[in-house]
Amino acid sequence: MIDLRFSEAELERRRDRITEFIRHQVDAAGADGVVLGLSGGIDSTLTGFLAVEALGADCVHGLVLPATVSSEGHMSDAERVAQILEISYDVIEIEPLVDSLLSAYPEAEGDREAVGNARARIRAVLNYLVANHESRLVVGTGNRSEAAVGYFTKYGDGAVDCHPIGNLYKGQVRQLAHHVGVPEELAEKTATAELWADQTDEDELGISYEMLDDILATHIDGPLSVAATCRLLEIDEETVEMVRRMYEQTEHKRNAPPAPEPLE
C-alpha cells in the first residue's frame, strides 16, 4: 500500500480550497445557497460540514430521502448530521414515487439494478425541485475514487451542480472528515449507496477502497504500468486490469453526452 494521506497543513489547504470553491459556485450562479442530499454516509456528511463552513447554516438545506431499502440507522444518522449542523432539512419518503414508476412500467419490477438506479434518479429530481423552488444549487457528494470507476448513477447522484469533494480519494475523504470534526462513528462508517437491501460499496465494487485508491493513484491517475503497479502494491495483475476496465467502460458517465463531429 502507498500513503495517500495529507499532512495537517495540506488538510487545511484542502479545507480552505473546498470552502472557497463552494462560495464561488454559489456566488457565480447568483444562488441563495445549496441543497444537499444527506444519506448518513461519510461523503454527504463531510460535504455538509464544509458547505455550512463555507456558507453558514441558513444557506444549506438538507434532504433525507429514505426508501424501503434504507436502513433506519443510516436515516437516523442523516438526520443527526442535519441537527449537528443546525440546518433546515426535510424527510421525504421516495418509495411511493418508485411504485408509481413501476406501475407505469411493471416490466422493470424485480430488476434490482434498474430499480436501484431509479431510486437515485428520483432523489435527483427531488433535489432539483427544492433547489429550483429556493433558488439554490444542488451540491454533489461524489468523490474521486467512485467517479473514476463510474460508481454512481448517471443522472442520479451524478446529477448535480458541483462536486466539492470530487478531487479527494475515498481515504482522503475520511481523513478530511476527521480533520473538520465529523464524529468518529460517522467518519468510519461502512460505505453503502443503499440502492437495494444489504448492499455495501466494497462488495459491489469487488475491491476495498484502500486498494482502489492505491491503484487509481499509481496506475490510472499516475504513471506506472500494470506490471509496475503490481510490483509496488504487491497485488495480482487481474485486480489492476479490473480497475482499468471499470475506468474505461464508464468514461461515458464522466463526460457530457456525445454528439457527432460537425461536418466540414
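Please treat every number below as a calculation from the coordinates, not as lab data. This structure is a prediction, so every number in the text was calculated from the model and none was measured. We place every Cβ from the backbone using ideal geometry, glycine too, and count neighbours over all the protein chains shown.
General remarks:
- Unit charges at the beta carbon, dipole of the chain: most positive-side option, PRO262, PHE152, HIS163: PRO262
- Residues ILE165, ILE84, ILE18 arranged by fewest to most Cβ contacts within 10 Å: ILE84, ILE18, ILE165
- Pairwise label distance in nanometres, ARG231 with GLU185, each label 7 Å out on the Cα-Cβ vector: 4.7
- Likely footprinting exposure, THR45, THR218, fewest C-beta neighbours within 10 Å first: THR218, THR45
- Euclidean distance of C-alpha centroids, the range 225-242 and the range 68-94, integer Å: 40
- In percent, rounded to a whole number, the relative contact order of the chain is 21, using alpha-carbon pairs under 8 Å and six or more apart.
- Euclidean distance of C-alpha centroids, the range 97-136 and the range 1-20, integer Å: 35
- Arranged from fewest to most other beta-carbon atoms within 10 Å of their beta carbon, ILE42, ILE207 become ILE207, ILE42.
- Cα-centre dipole for the range 8-199 with unit charges at Cβ (Lys and Arg positive, Asp and Glu negative), debye to 20: 560
- Solution diffusion estimate, µm²/s, Stokes-Einstein, the chain, Kirkwood Rh from C-alpha pairs, 10 °C, viscosity 1.306 mPa s: 82
- Equivalent ellipsoid dimensions for the range 110-238 as semi-axes, Å, which come from the Cα gyration tensor, largest first: 29, 18, 15
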